[in-house]
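Below is one structure, written out as structure tokens; comments come after it.
Every number in this text was worked out from the coordinates using simple rules, so none of it is lab data. As the structure is a prediction and not an experimental result, all values here were calculated from the model. All Cβ positions, glycine included, derive from the backbone under ideal geometry; neighbour counts span all protein chains shown.
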Amino acid sequence: MHDTLAEVHAILSRSKEALSQFQAILEPTIEQATDDHERLYWHHIYEEEEHRFDRWAALLPKLEEALANEAFLSRENGDFLRLLQAKK
């Protein structure tokens, strides 16, 4: 289980970094939009990605805590089960 969660952590960390890069691409696109419709379109996408970033920012420290404590990775641990079921 530890190895699997370590892989998940690595994937989510890379995804979080890629998301930051994607947001950096979107910012000038929003600023240079030619009309309100285009600006709102790109801004909506940016906001959705912000929400995703916030969820990862909340999940990654919990995942790191779980990986640091082998006892946490137990099927009897309610906190661990809630971590596995983490939703928006």
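With only the Cα atoms considered, the chain has a convex hull volume of 80 Å³ per residue.
Between Gln32 and Thr4, the FRET efficiency estimated from the beta carbon spacing at R0 = 35 angstrom works out to 0.25.
Using a simple spin-label model with pseudo-atoms 7 Å out from Cα toward Cβ, Ala58 and Tyr41 lie 3.1 nm apart.
Give the angle, between 0 and 90 degrees and rounded to the nearest 10, that separates the Cα long axis of helix 2-31 from the longest principal axis of the Cα atoms of the chain. So the helix axis and the longest Cα principal axis differ by about 10 degrees.
Taking each residue as 0.36 nm, the span from Glu70 to Ile25 lengthens on full extension beyond its C-alpha to C-alpha distance by 12.3 nm. Using the alpha-carbon atoms, what tilt in degrees (0 to 90, nearest 10) does helix 36-68 show relative to the longest principal axis of the chain? Value to nearest ten degrees: 20.
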